[in-house]
1. For the range A:252-277, give me each residue that is more than 9 Å from chain B (Cβ to nearest Cβ) and closer than 15 Å to B:Ala168 by Cα.
2. Looking only at the range A:131-144, count how many residues are touching an Asp or Glu at 6+ places or on another chain (Cβ under 7 Å) and either more than 7 Å from every other protein chain (Cβ to nearest Cβ) or of a type in the set (D, E, K, R) (or both).
3. Taking interchain pairs and intrachain pairs at least six residues apart, which have beta carbon atoms under 8 angstrom, with the first residue in the range A:92-117 and more than 14 Å from every other protein chain (Cβ to nearest Cβ) and the second polar (S, T, N, Q)?
4. Picking from A:Ser202, A:Ser209, A:Ser180, which residue would you name as being at the interface with chain B (Cβ under 7 Å from one of its Cβ atoms), more than 30 Å from A:Leu530 (Cβ to Cβ) and surrounded by 24 or more Cβ atoms within 10 Å (Cβ to Cβ)?
5. Considering the range A:220-268 alone, what residues qualify as being closer than 20 Å to A:Ala410 by Cα and among the charged types (D, E, K, R)?
6. Which one of these does B:Gly378 not meet: (1) under 23 Å from the mean Cα position of the chain (by Cα); (2) of a type outside the set (D, E, K, R); (3) over 19 Å from B:Gly139 (Cα atoms)?
7. Look at the range A:482-531 and say how many of its residues are aliphatic (A, V, I, L, M) and part of a strand (DSSP E or B).
8. Could you tell me whether any residue of the range A:156-164 is touching a Pro at 6+ places or on another chain (Cβ under 6 Å) and not acidic (Asp, Glu)?
Amino acid sequence: MTESSANKPANGNVCHRATNGVKPGRNGFVKNHYLYQQQQQKYCYPEEKVHHVACNGGLYSRPFNESFEETPMLVAVLTYMGYGILTIFGYLRDFLREWKIEKCHIAREREEQKDFVPLYQDFENFYTRNLYMRIRDSWNRPICSVPGAKVDLVERVSHDYNWTFDYTGRVVKDVINMGSYNYLGFAENTGLCAEAAAAVTSKYGVGVSSTRQEMGNLDRHEEMEKLVAKFLGVESAMAFGMGFATNSMNIPALTGKGCLILSDELNHASLVLGARLSGSTIRVFKHNNMQSLEKLLRDAIVHGQPRTHRPWKKILILVEGIYSMEGSIVRLPEVIALKKKYKAYLYLDEAHSIGALGPNGRGVVDYFGLDSRDVDIMMGTFTKSFGAAGGYIGGRKELIDYLRTHSHSAVYATSMSPPVVEQIITSMKCIMGEDGTSVGRERIQQLAENTTYFRRKLQEMGFIIYGNDDSPVVPMMLYMPAKIGAFGREMLKRNIGVVVVGFPATPIIESRARFCISAAHTKEMLDMALSVISEVGDLLQLKYSRHRILPSLDRPFDETTYEENED
Amino acid sequence: MASGQQWVLVEMVQAFYEAPAYHLILEGILILWIIRLLFSKTYKLQERSDLTEKEKEELIEEWQPEPLVPPVSKDHPSLNYDIVTGPPSHKIIVNGKECINFASFNFLGLLDNERVKKKALASLKKYGVGTCGPRGFYGTFDVHLELEDRLAKFMRTEEAIIYSYGFATIASAIPAYSKRGDIVFVDEAACFSIQKGLQASRSFIKYFKHNDMDDLERLLKEQELEDQKNPRKARVTRRFIVVEGLYINTGDVCPLPDLVNLKYKYKVRIFLEESMSFGVLGEHGRGVTEHFGVNIDDIDLISANMENAVASVGGFCCGRSFVIDHQRLSGQGYCFSASLPPMLAAAAIEALNIMEEDPEIFTILREKCRHVHKALQGIPGLKVVGEAFTPALHLQLEKSSGSRDTDGKTLRSIVQYCLERQIALTLARYLEKEERFLPPPTIRVVVTVEQTEEEIEKAAGLIREAALTVLK
C-alpha cells in the first residue's frame, strides 16, 4: 500500500533492533561477505556488539540506529480520505469558477495570446490551485533578521484565502527558528565571521563580474580552496557559486554516454538533474538499501550496457550524507566496501552532513571514522553549516585539475562573491580550531548534544520520528494534509517557526514537519519548543507512535558518544 | 442464427470423433505447448544469460572501468588561472601586475561603488552573510521581496523572481515551461546556459541560423505544415523562441521587432535572455525592449543576471504574473537552492537606485563603446566582432591558421603582451566539446564607463602593437 510497507517483508528476517518496533524495510544490508570479516577486527568494538546486534556491525564503529516506524493503518486510510475529500472539493470549486459563481484569483493569459497553445495544462495546476493554496501561508514566510536560533518574521495576512498577502508592517519578534539549516550557528551578524566579511566587502566589493577562467579568479578563492582541501583531508578542492549548480553542472563533466549512474531514490533534485544532463544511463536503488545497490552493481557489470552488451565505461554511485527529508545517514562503510569490490566510483553529496556530523565536523566520513580518500568525489555546500553560500568538490588532484579545465561553472558562471568566500574561510578555520579558540569544537559538541536530546524527547512524547539518532535533521510525521497547515500555523501562533512538507517533496501520505537542530539553540529554547510541540501534538493528535519509550531519567542530558570513539 | 451455431457445435463434436488418433495427439501437444508458453517466465533480456555464479564472479573480477577523469596535461591552456589580487575593479592586479581592466563585465563600474558597498555592509550587519535555507523554508528575506518589487518596477513588468546564481536563471526557467514534446526554436549563437536549460527541458530543439529571420520563418512554416497533419497534437504542443538580447558570443543584438511579428504570426512565445543587455541598452538601461521600443508585454519572459551591469551576484526573470509565478513552484534553481545572500540583494537594490537616479550613465557607456569600437578598427590581422554599442566585443583573427589550438595560442600571446604592459584582457573561454556551435577563438574586450579616453587609446594602441609583433 505504502511505499514503506511494501518492502517490509523483504528484510523482515534481518536482525535490527526489532524490539523497538523499528521497521527495517528501508535499510537493507550487504550480505555478510568474507571481505568485511577481514575488516571486522579493525572497526568493531566488542562491547557495542552486545547492544547493537546488527549483522553489519562489523563495519560500523558506532551504533547505527535508524528508524522509520510504519504508518499506522488507520492513519493511512484517513490520510487517503483527506486527499479524496480535498480533490472532490477541488473539482467542485473548479466547476464554480468555470461558471463564474466563485471569484477567481488566478492570473490570466493576455487577451492577445488567448489563441496560443496554453502555457500550462489544466491538471498541472489543480494541486496548486486547490490544495497548496489553502495552506500556502506555511511557506515562504519572509524574515527580517539573521536566520539564527531566534528570528524575526514579517507579519502578513491574507484576506482572500492565501491568494495574495498583505504586509501589516508589524514584526513577529523572537520566533524560535527550527527551520533554517544553521547547524553550527554560523548565521551571525556579529563576531569574527561577520567582521571578516565586512572587511572584505569594504576592500573588494560584492561582485566579481567575470568567470574563474577569465578574469574572476581572486586570491581569496584560491585561499579558500586550499583550506577546503585541508579541512576535508583531500588533495585538492574547487568551489562553486551555488550548491545546486555544483551538482547539476559537474556530474555532466564526470560521466557521459556509456557510463552508468546508480542513484539513491531519495537523492536531491540537483543530483537527479546533474545525472540527467550527463547523458548517462541512470538506475535507482532503494533508499539506503545496500542489497538493492549490490544487485544493481552486479547486474550492471555482468550484463553490460543494454542492447549492445558492451561493458560500462564507468559506474558512478550517487549518495548523500544526510538525506534532508528523511533524516537518515548514508551507510557509508558499506557503500565504500561495495564500491571497492565492484570498482565503481563514489560521489558523496554532503550538503547537510558537512560540519553537522563527526567529532571534527568533517561530515559523514569523519562520523564513521573512514578515510576521505576512499570517496572519489566529496561534494558539499557552504550554505548550511558555514552560513555562507555555494558548494565545493574535493578529491584527488587529477579530478580537480580536470574540473578546473572542464567544469561548466568555471567557464561560464560568475565566480563567488568575495564576502561569501570570506565567511567560508573564517567559519571553516573556526571549526578546525585554527582561529586559536575552541569555539568550533564546542559548537560541534553542542549540536550533537542538542540532537540527541531533542530526538529522544520527541520519541518519548510518542511522535513518529524518522531517521538516524545522530542526524540533526529531525522529520516528524504529520500524515494528514489538513494537519500540515494546522501544525505550521499553531506552532507559529506559539512563536515557533517550523518547516512543514507534503507531497510532492514526500510520498503522498507521508507529510511531515521537519526540525533542523542548531548548535545555537540553548537548552531553554529546545525545552520551550518541545513543550509547544507536545501541546500542539495533543491538540492535533499527532502522537501516532505505538512504541512508547519511557523517559529515561537515569541518562544525563549531555550524553554524547563522540569521545569514546576517538582513538 | 442460433440454430446455425448449434449446428456448428454438433459438427465439431462429430469431427472430434472422426479425427485420427495422431491428429488428436498432435493437437494435444500443441495445446500443452501453448499452456507452457503462457505460464513460463516472461522473456527478459537480462536474465537470459545463463551464467553461473562463478562466471559472474569472473566477469566482475575482469571488468576494468575507465579512469574517473582523463588526465589533464600540465600545459592545458585553462588549467592555470590568472590570479587577481585585490578587487577586480577598474584598476586590477593580475598575476602581480597592476592593469587597467578590459576584461570584467563591470559595465557601469558599480563593483567598487562606495554607495553599493555601504548598503551591502549595512545589510551584512543586519542579516549576516548566508540565508541558511531555500526561499520556501525561512530563506525569504524582506530584502528579496524588495528587490523583486524593484526589478519589476524597473523593467515595468508585473512581477520579477530572483535566483541566487546567474547561470541557473535561464537554465531553470526554460524547463519550467517547456516540457517533453514541446518545441523550442533557438538561435545558433545562444549562450551555454540556454543550451543547458534546453537540454534539461527534453523538448525538441530546432536551431536557426544566427539572427536569420528567414531561416526561423522557414522552420516555423515547416512546423505549421507539420501541425496541419496532426492538429490534435498541435493543440497541446507549446512552442517557444529563445533568443539573447545582446549575444555574449557574437556581440550583436537580436532583431526583436521581427521576432515579435513572427511571434503573433505563428503563435510562438518568446523567451529573451538579457544578461548582456540589461543595464546597458536603452535610454534607461531596460535592455533590448527599450532599445527597439518594443512593448515589454509582448515578450513572454525576460531573464537576466545581476552579475554584469549590476555587479552583484544572482539573476532574475520578469514578465507577467501569469508566467512568472509558475517558477515559484517549478523553477528548480529557485525551489531547491538556498536563496541569495541578503547583502548581495541589498547591493543589487542600490545598483538599481543608481541606475534609476542617473540614466546618463547609459549614454556615457554607449559613447565609450562607440569609442572603443572605432579605436579597434583596422588592426592588421584582427577584426572586431560586435555592434558599435556593445560593451562586450570580440577580437577575432582575420585569417585562421586552420587549427583552433594555434589560433588560441596566437591570441593568448597578444593577451599576454598586453597584460605585461598593464592592459588586462582575456580570451573568451568555451568548453570546446560541449558547445553546440563552437564560436571561433577570440579575445574579449569589455568596455566600462570608468575607462578614460587615454586608457582606451592606450589599450587600442597596445593591441595594435601586439598584433604587429605577434602576427607579423
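1. Of everything in the range A:252-277, those that are more than 9 Å from chain B (Cβ to nearest Cβ) and closer than 15 Å to B:Ala168 by Cα turn out to be A:Leu271, A:Gly274.
2. Within the range A:131-144, the first condition is being touching an Asp or Glu at 6+ places or on another chain (Cβ under 7 Å), and the residues that meet it are A:142-144.
Remaining after also requiring either more than 7 Å from every other protein chain (Cβ to nearest Cβ) or of a type in the set (D, E, K, R) (or both): none.
Total satisfying the criteria: 0.
3. A:Arg93/A:Asn130; A:Asp94/A:Asn130
4. Numbers: A:Ser202 fails: surrounded by 24 or more Cβ atoms within 10 Å (Cβ to Cβ); A:Ser180 fails: more than 30 Å from A:Leu530 (Cβ to Cβ).
Result: A:Ser209 is the single residue among A:Ser202, A:Ser209, A:Ser180 that is at the interface with chain B (Cβ under 7 Å from one of its Cβ atoms), more than 30 Å from A:Leu530 (Cβ to Cβ) and surrounded by 24 or more Cβ atoms within 10 Å (Cβ to Cβ).
5. A:Arg220, A:Glu222, A:Glu223, A:Glu225, A:Lys226, A:Glu235
6. (1)
7. Adding up the residues that qualify gives 5.
8. No, the range A:156-164 contains no residue that is touching a Pro at 6+ places or on another chain (Cβ under 6 Å) and not acidic (Asp, Glu).
The values are calculated or read from the model by the stated rules, or taken from the named source; none is laboratory data. Remember, it's a predicted structure, so these values are computed and weren't measured experimentally. Glycine gets a Cβ as well: all are built from the backbone with ideal geometry, and neighbour counts include every protein chain shown.
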